[in-house]
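Novice: Take a look at this one; I'll ask things after.
Please treat every number below as a calculation from the coordinates, not as lab data. It should be emphasised that the depicted structure is a prediction, and the values quoted were computed from it without experimental measurement. Neighbour counts are summed over all protein chains in view; Cβ atoms, including those assigned to glycine, are modelled from backbone coordinates with ideal geometry.
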There are 2 protein chains.
Amino acid sequence: MSNAYGVAPSTRARVLRIAEELDYVVSPEASRLARGAVGRVALVVPHVDRWFFGAVVSGLEAELSDAGMDVLLYHVGDADDRRDFFHRLPARRKVDAVVVVAFAVAETEQRRLERMGVLIVAAGGQNAVYPSVHIDDREAGRQALDHLLFLGHRRIAMISAVDPDEDAAARSTGRDDAYHDALRDAGLSVDDSLVRTIDWSGVAAADAMATLLSLHRPPTAVYCHCDELALGAIRTIRRAGLRVPEDLSVIGIDDHPLAELTDLTTIAQPAREQGVRTAHLLLALLRQQPVERHVVVPTRLVIRRSTAPPRSG
Amino acid sequence: MSNAYGVAPSTRARVLRIAEELDYVVSPEASRLARGAVGRVALVVPHVDRWFFGAVVSGLEAELSDAGMDVLLYHVGDADDRRDFFHRLPARRKVDAVVVVAFAVAETEQRRLERMGVLIVAAGGQNAVYPSVHIDDREAGRQALDHLLFLGHRRIAMISAVDPDEDAAARSTGRDDAYHDALRDAGLSVDDSLVRTIDWSGVAAADAMATLLSLHRPPTAVYCHCDELALGAIRTIRRAGLRVPEDLSVIGIDDHPLAELTDLTTIAQPAREQGVRTAHLLLALLRQQPVERHVVVPTRLVIRRSTAPPRSG
């Protein structure tokens, strides 16, 4: 009824007559369905209740909504949810595009998404196979470590985070790589006892920090994969009766809004902007406009009061 | 084509025949549209990137998605967005229900929603006109103040937050009322210089705390409307060279995940649970099951390391 090509005039005339009898009203939605473009985008988000994901979603929603698209939210908290999402979605084509927000899509999930024939873009995570907007994790980590090295630290620990529900082969190792690169370039060897690998949890970071403080030679500085981990580490340091940054320096990555309130030195990444720019990328691709398929947004050091030169100099 | 009542068999037969010619496939979505129940719920959220809102949304999404509903996200950041949302949505009925997440709906907006004829419920805010799930703001505030009073504080400041985009007449004043009630019940008079009213912003709270510290007689304890404000106040106290809780006590409301990492004493509210229970309420109402239309979830004091008896005793 949308006056589409490929339907014989006589057939159309008959359908229109019958439709009138049934008092059929063409709704914009039903017309779009018939054309195959539904005007909807699915955001697939592993942690809606964490600042970074919320900020990316808020940027995406603002731009997509301005463009007249509806935004469907799919919270895929753990591996089961993700399997369920990738299993259900292809069964009913109800979106024009899927935005994967900051998690690595496993290979089997990739194939499933591709079978749907919808546009897929990635926001805030390095999913090299899809058009994406993200930071350079290796560069962000390097900025943090170069700051600690410049201050004179030589015994630097790393609290490294992995998502247990994420496909190991697909995850970005940039923040880990930065640690090894920076130490090597500074002529320092990696002491494995200074590297603690945990889940993305501040409480786990607090425990990891306790382990670091139980070493015969504790670190003078701690590089954390995100601000939440840094705050966990700082809690342990303070509970031990030590001061930040006088006794130990701590640096994070993110510039979480609470980093400003807790005087945390960090590497800032523009979270909302990654959402906004992913929406622009998605809209341009839907309109088949030429675009840069991989956009890297810059990060920068924000010096506050959690880093200083080491005490012993 | 969904075999509905009210269509003459002969008419139906003709439509089916034509549809076959056109290779029409009944999609679950198109059938639902015809019935008027679209299987979609709109979440209207003022701040997706703040923990409380994200946690409520995550609880809502989990339950609605399990029930086979699609979740549409509408981020209405400021008064303009809200006007725009309430203006656009009624033009096209594309949801079965609207969940208002933690903001007060103005009277004109209420009328607009009602004209849509969709179910409206409120999550995490006291919108007395709609079925809702929320905490008792007055009780939460009272728990915070009774804790400070029990510790022996008599000179207690309040950092009170208002949303500048929220309808003043509709907003909950429970956290303010608690302050006046508690002081009155303790036989104390309110010193207006100890009350600072600001936006919901930690940085604004840091500034408000500086004003409190510039008083001839500063407070010995500060009651903050939320944890983010409490962290802003603590930053100022620490920058002034004072200690929390030895020199000043600070208490918040929320139990934000970072409150645990920053050792903040607070009144905990179950944010995700408010989302989950709102979803249950909504689904029961859609199924026309009998329900309690106003659910109050309890709050509780979590004692950490930001409150202690006043120094001078």
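Novice: Could you line up B:Val302, A:Val57, A:Val296, B:Val41 from fewest to most neighbouring Cβ atoms inside 10 Å?
Specialist: With the fewest neighbours first, B:Val302, A:Val57, A:Val296, B:Val41 line up as A:Val296, B:Val302, B:Val41, A:Val57.
Novice: Sorted from fewest to most neighbouring beta carbons within 10 Å, what does the list B:Trp51, B:Trp200 look like?
Specialist: Final ranking by Cβ density, sparse to dense: B:Trp200, B:Trp51.
Novice: On to the next question. Taking the inverse of the average 1/r across all pairs of different Cα atoms in the range A:205-267, what Kirkwood radius in Å do you get?
Specialist: Hydrodynamic radius (Kirkwood, Cα only) of the range A:205-267 equals 11.4 Å.
Novice: Put a label point 7 Å from Cα along the Cβ direction on B:Thr197, then list its distances to the equivalent points in the other copies in nm, shortest first.
Specialist: When each copy's label point is compared with this one, the spacings are 5.4 nm.
Novice: Now for a different question. Can you sort A:Met158, A:Met209, A:Met69 from fewest to most other Cβ atoms within 10 Å of each residue's own Cβ?
Specialist: A:Met69, A:Met158, A:Met209
Novice: Decide, for the range A:137-269, between rounded, prolate and oblate: order the square roots of the alpha carbon gyration tensor eigenvalues as a ≥ b ≥ c, take rounded if a/c falls under 1.5, and otherwise choose prolate if a/b is larger than b/c, else oblate.
Specialist: Since a/c stays below 1.5, the shape of the range A:137-269 is classed as rounded.
Novice: Let me know the mean shielding of B:253-261 by other chains, meaning the per-residue number of their Cβ atoms within 10 Å of its Cβ.
Specialist: 5
Novice: Distances from B:Arg154 to the same residue in each other copy, label points 7 Å out along Cα→Cβ, in nm, shortest first?
Specialist: Inter-copy label distances (nm, one decimal, shortest first): 5.8.
Novice: Send over the semi-axes of the range B:221-313's equivalent ellipsoid, whole angstrom and largest first, taken as the square roots of 5 times the C-alpha gyration tensor eigenvalues.
Specialist: 37, 12, 9
Novice: Quick one: label points 7 angstrom along Cα→Cβ at B:Thr173, distances to the other copies in nm, smallest first?
Specialist: Distances to the matching label points in the other copies: 6.1 nm.
Novice: Let me know the mean shielding of A:132-140 by other chains, meaning the per-residue number of their Cβ atoms within 10 Å of its Cβ.
Specialist: Partner Cβ neighbours, averaged per residue: 0.
Novice: In the calculated pair distance distribution of the range B:85-208, what percentage of Cα-Cα distances lie above 17 Å?
Specialist: So the portion of pairs separated by more than 17 Å is 65 percent.
Novice: Would you mind giving the mean number of other chain beta-carbons within 10 Å of the Cβ of each residue in A:44-54, as a whole number?
Specialist: Partner-chain Cβ atoms within 10 Å, mean over residues of A:44-54: 6.
Novice: Right, next: Can you give me the C-alpha center-to-center distance between the range B:179-212 and the range A:108-155, rounded to a whole angstrom?
Specialist: What the calculation gives is 43 Å, centre to centre.
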